[in-house]
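The values are calculated or read from the model by the stated rules, or taken from the named source; none is laboratory data. All values derive from a computational prediction rather than experimental measurement. Ideal geometry is used to build each Cβ from the backbone, glycine not excepted, and the neighbour counts take in all protein chains shown.
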Amino acid sequence: EIEKAQSKARIKQLLKERNAVLVAHYYTDPEIQALAEETGGCVSDSLEMARFGRDHPAQTLIVAGVKFMGETSKILSPEKTVLMPTLEATCSLDIGCPIDTFSKFCDEHPDHTVVVYANTSAAVKARADWVVTSSIALEIVEHLDSEGKKIIWGPDRHLGSYIAKETGAEMLMWQGDCIVHDEFKARALTELKKQHPTAAVLVHPESPASVVALADAVGSTSQLIKAAQSMDNDKFIVATDRGIFYKMQQAAPDKTLIEAPTGGNGATCKSCAHCPWMAMNGLTAIESALEQGSDQQHEIFVDDALRLDALKPLDRMLDFAK
Ligand code: 13P
Ligand code: SF4
């Protein structure tokens, strides 16, 4: 504990010295989220992280999340130094959507509009017509569908099927998934609901369709927090990374929050519903990123030509979200 306090104090000092701001995702550890708040940074979903980093006057952004979030920040703010606690923090959706095969898939369907989830590399974004995050995906696909567009969707198949079902849009689907949300189990969730009949079920749409079907509210991390705040239920069963419980409990202090089951047999697997890459964003890693400054272990670089191509579909999303 003493070491932690020292580390936090050092991070605070370094943030000031380096004119840096900490931008954290809801899935990082509670102490990292608290530190971002205490130091004037932000804790949010991936859409808001992108906006906050772009609009903040600090010269250096330290992005506590996964690599695509750092890359998005760099694409939007090329003049800023973007550091990450570790560049090894990736995402199974990003890994499962390599640019060569994805680009070939797009080439095979030239009459389709390419819509990609933000959880992708800069190269995949550069190949897309639109980038979306889970908080705006539904509206953007609805808009494209109303214009009669046929859509290629990648990489999350669960989010894609949810959107296709809700909008009726014609979507060719890349078959990626999130290793965290893919683990939620519908049968065990049904059992848990029986034990808590007054509970509402909150589900992130990266979860399988059978789990989404049991939801009372489906949405991005920030939308799920708002749902916990505004719905009258006394309890919520939450199917998303358990990092979210920190802010959700703050937003709804009188409510009981219950983790949705991930393992079979109704058992809640204590280590499943937490993203292993988000977990890499510890205090030591943040401190070392700020100590080292610009270096190969921490700094995000995006090739300039690629950056300009990736900026177009990202800006399209941000303009649409205004
Ligand atoms: P949000 O945009 O809902 O924060 O989701 C990002 C993510 O990685 C979910 O797994
Ligand atoms: Fe990727 Fe899933 Fe981790 Fe989000 S929780 S960063 S989608 S692996």
Within segment 91-121, residues being part of a loop (DSSP other than H, G, I, E, B), in contact with a helix residue (DSSP H, G or I) (Cβ under 7 Å, 6 or more places away or on another chain) and of a type outside the set (S, T, Y) number 4
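In this structure, is T167 in the same structural domain as V115 (by TED's automatic domain parsing), surrounded by fewer than 21 Cβ atoms within 10 Å (Cβ to Cβ) and either over 19 Å from the mean Cα position of the chain (by Cα) or of a type in the set (A, V, I, L, M, F, W, C) (or both)? Show your work before the answer.
Numbers: in the same structural domain as V115 (by TED's automatic domain parsing): yes; surrounded by fewer than 21 Cβ atoms within 10 Å (Cβ to Cβ): yes; either over 19 Å from the mean Cα position of the chain (by Cα) or of a type in the set (A, V, I, L, M, F, W, C) (or both): yes.
Against the criterion (in the same structural domain as V115 (by TED's automatic domain parsing), surrounded by fewer than 21 Cβ atoms within 10 Å (Cβ to Cβ) and either over 19 Å from the mean Cα position of the chain (by Cα) or of a type in the set (A, V, I, L, M, F, W, C) (or both)), T167 qualifies.
Quick check: anything in segment 62-80 in the same structural domain as Y26 (by TED's automatic domain parsing), part of a strand (DSSP E or B) and more than 15 Å from ligand 1 (Cβ to nearest atom)? Even if it seems obvious, please write down each step before you answer.
Step one: of segment 62-80, the residues in the same structural domain as Y26 (by TED's automatic domain parsing) are 62-80.
Still in the running and part of a strand (DSSP E or B): 62-64.
When the remaining residues are screened for being more than 15 Å from ligand 1 (Cβ to nearest atom), the result is 62.
So far as segment 62-80 goes, yes, one or more of its residues are in the same structural domain as Y26 (by TED's automatic domain parsing), part of a strand (DSSP E or B) and more than 15 Å from ligand 1 (Cβ to nearest atom).
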Residue pairs qualifying under the 6 Å Cβ cut-off, at least six apart or on distinct chains, with the first in segment 47-70 being under 20 Å from S288 (Cβ atoms) and the second being of a type in the set (F, W, Y) and within 16 Å of ligand 2 (Cβ to nearest atom), are V66/W277
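In this structure, does A24 turn out to be of a type in the set (G, A, S) and surrounded by 19 or more Cβ atoms within 10 Å (Cβ to Cβ)? Before you say what the answer is, go through the steps one by one.
Working: of a type in the set (G, A, S): yes; surrounded by 19 or more Cβ atoms within 10 Å (Cβ to Cβ): yes.
Judged against the criteria, A24 is a match.
T240 - would you say it is outside the structural domain of Y162 (by TED's automatic domain parsing) and surrounded by fewer than 20 Cβ atoms within 10 Å (Cβ to Cβ)?
For T240, the condition - outside the structural domain of Y162 (by TED's automatic domain parsing) and surrounded by fewer than 20 Cβ atoms within 10 Å (Cβ to Cβ) - is not met.
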Residues in segment 235-250 that are over 19 Å from the mean Cα position of the chain (by Cα) and among the hydrophobic types (A, V, I, L, M, F, W, C) total 2
Exactly one of L144, L159 is farther than 22 Å from A239 by Cα, touching a strand residue (DSSP E or B) at 6+ places or on another chain (Cβ under 9 Å) and not basic (K, R), and that residue is L144
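Return yes or no: is T190 more than 16 Å from ligand 1 (Cβ to nearest atom), of a type outside the set (D, E), over 15 Å from the mean Cα position of the chain (by Cα) and assigned to a loop (DSSP other than H, G, I, E, B)? Lay out the reasoning, then the answer.
Numbers: more than 16 Å from ligand 1 (Cβ to nearest atom): yes; of a type outside the set (D, E): yes; over 15 Å from the mean Cα position of the chain (by Cα): yes; assigned to a loop (DSSP other than H, G, I, E, B): no.
No; evaluated as a whole, the condition is false for this residue.
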Please verify whether T39 is in contact with a strand residue (DSSP E or B) (Cβ under 7 Å, 6 or more places away or on another chain) and away from ligand 2 (no atom under 16 Å from the Cβ), treating the condition exactly as stated.
yes
Scanning segment 122-148 for residues that are part of a loop (DSSP other than H, G, I, E, B) and not polar (S, T, N, Q), the one farthest from W174 (Cα to Cα) turns out to be E147
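Any residue in segment 265-279 that is assigned to a helix (DSSP H, G or I) and either of a type outside the set (K, R) or without any contact (Cβ under 8 Å) to a residue 12 or more places away in the chain (or both)?
yes
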Of the residues in segment 209-225 that are away from ligand 1 (no atom under 14 Å from the Cβ) and surrounded by fewer than 21 Cβ atoms within 10 Å (Cβ to Cβ), the one that is nearest to the chain's Cα centre (by Cα) is A209
Restricting segment 95-121 to residues that are more than 20 Å from M171 (Cβ to Cβ) and within 16 Å of ligand 1 (Cβ to nearest atom), the one surrounded by the most Cβ atoms within 10 Å (Cβ to Cβ) turns out to be S121
Matching residues in segment 1-34 (closer than 22 Å to Q59 by Cβ, among the polar types (S, T, N, Q) and in contact (Cβ under 8 Å) with a residue 60 or more places away in the chain) number 0
How many residues of segment 54-86 are surrounded by 19 or more Cβ atoms within 10 Å (Cβ to Cβ) and under 18 Å from A118 (Cα atoms)? The answer is 16
Sole miss for G53 among (1) assigned to a strand (DSSP E or B); (2) touching a Cys at 6+ places or on another chain (Cβ under 9 Å) is condition (1)
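On the basis of being outside the structural domain of L47 (by TED's automatic domain parsing), under 23 Å from H25 (Cα atoms) and among the charged types (D, E, K, R), does R187 make the cut?
Details: outside the structural domain of L47 (by TED's automatic domain parsing): yes; under 23 Å from H25 (Cα atoms): no; among the charged types (D, E, K, R): yes.
Taking the combined requirement at face value, the residue does not satisfy it.
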